[in-house]
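Peer 1: Got a structure for you, questions after.
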């Protein structure tokens, strides 16, 4: 048993040893990708518009996000198949088509939004045309994903994402009413008007994003193929700890950004973020005149890390649907159709950027779309994860089914509440 535990997920077995940062497991990579440029923009807007008013959402979203990602990881870990492949084998074809179409559309809109804010962030430091910046980043990312194995590429980019810790650092230097933060975190409180519910839907959609479902499963398969596997309780506990660490990291950064924006932008009367400069201003207490540079580094880090995740998760879903070879570790000539989907995703995202939508508004739009697509996919995951014919003794336990079921109901309720709200 110990031998198999060591073989499976060498990353996880050494997670507490030296070189920790180089040994991040699939769950932690997923958590880092969760705080993409769309997330940063959405969290900043929530803090600016409502101060600490949405902090309570982090307390609830963490267990729900964990439940979804744990179920996706469990499915791949036990079956050795990606999410789309499992849907294909267990559910009617129309369910597969619906799932893949939803994730492809949501991911493409997200890529377009992320490219937009990355270009806007670069524009804070260099006088650059917005569309030119979008094209430049799209070409750079497409070439990187085509010719650099993702595990090598991601190791470098994780260091750039450390710039997000600036939002945590601001918590120690900004004038923050911590008693108000505690109350806002523990006690839900917001008005039932369309704007508030739309923001809550955006926060939920950014945290529980469809692309993470497929990516989590795909990464489990990549790790599984590297090490060989006979599933055991040790593997399940390691997977669960890895996934929780990733989701906790993502949600904690979300919390820090909302507190920072609330204590800086909202306190100064800036309640609407109109540009990347407004979002960067939240870092002024610690970065001063260098706030734009620090914001750019953070946006670049998470953007360059998460856009390949977005495009990759679409490619995994489509490739599994049609039975194509798929892996970000393969050369383009070894998986032409798989990489063709990635290039097509980038091209469509470029086309969406021709629409005159302000970068920050684009981010909110992408987050809301994620929030609309996620509950449908979550129902599919819930059905599969409790299927004992598929998973046997490793089917989701009761606590997981309840948490995931509650997440599904909450995500379905938000669009309904938005329609009914005055």
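The values are calculated or read from the model by the stated rules, or taken from the named source; none is laboratory data. Model, not experiment: these values are computed from the prediction. Please note: Cβ atoms are built from the backbone with ideal geometry, for glycine as well, and neighbour counts cover all protein chains shown.
Peer 1: Confirm whether residue 154 is modelled with pLDDT under 80, buried (at least 16 other Cβ atoms within 10 Å of the Cβ) and over 30 Å from residue 75 (Cα atoms).
Peer 2: no
Peer 1: Let me ask something additional. Residues of the range 20-43 being in a helix (DSSP H, G or I), closer than 14 Å to residue 367 by Cβ and either at pLDDT below 85 or out of contact with any helix residue (DSSP H, G or I) (no Cβ under 8 Å at 6 or more places or on another chain) (or both), which ones? It would help to see each step written out before you state the result.
Peer 2: So in the range 20-43, the residues in a helix (DSSP H, G or I) come out as 20-23, 26-34, 37-43.
Still in the running and closer than 14 Å to residue 367 by Cβ: 34, 37-43.
Result: 34, 37, 38, 39, 40, 41, 42.
Peer 1: Quick one: which residue in 328, 296, 354 is in contact (Cβ under 8 Å) with a residue 60 or more places away in the chain and more than 15 Å from residue 134 (Cα to Cα)?
Peer 2: After ruling out the rest, the residue left standing is 328.
Per-residue answers, yes or no, for (1) closer than 20 Å to residue 216 by Cα; (2) outside any helix (DSSP H, G or I); (3) within 22 Å of the chain's Cα centre (by Cα):
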| site | (1), (2), (3) |
| --- | --- |
| 87 | yes, no, yes |
| 100 | yes, no, yes |
| 107 | yes, no, yes |
| 119 | no, no, yes |
| 124 | no, yes, no |
| 131 | no, no, no |
| 140 | no, no, yes |
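Peer 1: Also: Would you check which residues across the range 253-283 are surrounded by fewer than 20 Cβ atoms within 10 Å (Cβ to Cβ) and without any contact (Cβ under 8 Å) to a residue 60 or more places away in the chain and list them?
Peer 2: Taking the range 253-283 and keeping what is surrounded by fewer than 20 Cβ atoms within 10 Å (Cβ to Cβ), we get 267-272, 274-275, 277-278.
Once the filter is applied, which keeps residues that are surrounded by fewer than 20 Cβ atoms within 10 Å (Cβ to Cβ) and without any contact (Cβ under 8 Å) to a residue 60 or more places away in the chain, the range 253-283 yields 268, 269.
Okay, residues lined up against (1) in a helix (DSSP H, G or I); (2) at pLDDT below 80:
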site: 279; (1), (2): yes, yes
site: 284; (1), (2): yes, yes
site: 300; (1), (2): yes, yes
site: 324; (1), (2): no, no
site: 339; (1), (2): yes, no
site: 349; (1), (2): yes, no
site: 356; (1), (2): no, yes
site: 364; (1), (2): yes, yes
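Peer 1: Please indicate, with yes or no, whether at least one residue in the range 376-393 is more than 18 Å from the chain's Cα centre (by Cα), surrounded by 14 or more Cβ atoms within 10 Å (Cβ to Cβ) and at pLDDT below 85.
Peer 2: Checked against the condition, which is being more than 18 Å from the chain's Cα centre (by Cα), surrounded by 14 or more Cβ atoms within 10 Å (Cβ to Cβ) and at pLDDT below 85, the range 376-393 yields at least one hit.
Peer 1: A further question on this structure: Select from the range 331-351 the residues that are in contact (Cβ under 8 Å) with a residue 24 or more places away in the chain and within 24 Å of residue 219 (Cα to Cα) and list them in ascending order.
Peer 2: Selection gives 332, 339, 341, 342, 343, 345, 346, 349.
Peer 1: Are any residues in the range 168-192 closer than 14 Å to residue 284 by Cα and part of a helix (DSSP H, G or I), and if so, which ones?
Peer 2: Within the range 168-192, 168, 169, 170, 171, 172, 173 meet the criteria.
Peer 1: If you check residue 306 against the conditions, is it modelled with pLDDT under 80 and closer than 21 Å to residue 109 by Cα?
Peer 2: yes
Peer 1: Restricting the search to the range 395-408, which residues are surrounded by 13 or more Cβ atoms within 10 Å (Cβ to Cβ) and part of a helix (DSSP H, G or I)?
Peer 2: 400, 401, 403, 404, 405, 406, 407, 408
Peer 1: If you scan the range 74-83, which residues turn out to be in a helix (DSSP H, G or I) and surrounded by fewer than 24 Cβ atoms within 10 Å (Cβ to Cβ)?
Peer 2: Step one: filter the range 74-83 for residues in a helix (DSSP H, G or I), giving 74-79, 83.
Of everything in the range 74-83, those that are in a helix (DSSP H, G or I) and surrounded by fewer than 24 Cβ atoms within 10 Å (Cβ to Cβ) turn out to be 78, 79.
Peer 1: Would you mind stating whether residue 291 is assigned to a helix (DSSP H, G or I) and either buried (at least 24 other Cβ atoms within 10 Å of the Cβ) or in contact (Cβ under 8 Å) with a residue 12 or more places away in the chain (or both)?
Peer 2: no
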